[in-house]
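S.K.: Okay, handing you the structure first.
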Amino acid sequence: MSKEIEILKNENSNYINEIENLNVSLKLSNDFKEENENLKLEIDALKKIFLKFSNSSNKLDNLLGLQRCVFDKAGLGYEEMNNVKRFNNFFFKKNESNIICNYCGRL
């Protein structure tokens with residue numbers, strides 16, 4: 001009878017150790033699960049932020065692409081063809097200057 005009691009005590013202690021190990025494993029598993037959920041929430045938040053930045057980048061590229069040239073005055077009532085300078089004579093004949101004496105008035 002005492003052998004049976006000893007065997008049962010050993011079995012009981014083994015089961016208690018196994019239960020403690022399972023409790024520790026369960027606690028670790030719950031901690032990992034909670035950490036995993038927190039990381040998923042953080043990833044979702046970062047994806048939203050990154051999406052805003054990528055959309056902003058695309059919008060900025062569109063704005064820069066829609067810019068007009070500095071010299072483009074269309075839409076301001078400016079008629080381009082009326083203000084074009086046309087040069088007909090590029091070279092002018094040089095008038096020979098005659099030196100005149102201011103005192104006597106001769107050439």
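S.K.: Taking the range 35-67 as the region of interest, how many residues are surrounded by 10 or more Cβ atoms within 10 Å (Cβ to Cβ) and outside any helix (DSSP H, G or I)?
M.R.: So the answer is 0.
S.K.: Right, here's the next one. Taking Ala74 and the conditions (1) loosely packed, with under 10 Cβ neighbours inside 10 Å; (2) modelled with pLDDT under 80, which numbered condition does it fall short on, given that it satisfies the others?
M.R.: Condition not satisfied by Ala74: (1).
S.K.: Assigned to a helix (DSSP H, G or I), loosely packed, with under 10 Cβ neighbours inside 10 Å, free of Cβ contacts under 8 Å to residues at least 12 places away in the same chain and over 35 Å from the mean Cα position of the chain (by Cα): which single residue out of Glu4, Glu11, Glu18 fits that description?
M.R.: Glu4
The values are calculated or read from the model by the stated rules, or taken from the named source; none is laboratory data. If you're wondering where the values come from, they're calculated on a predicted model, not measured in any experiment. With ideal geometry, Cβ positions are generated from the backbone for all residues, glycine too; neighbour counts draw on all protein chains shown.
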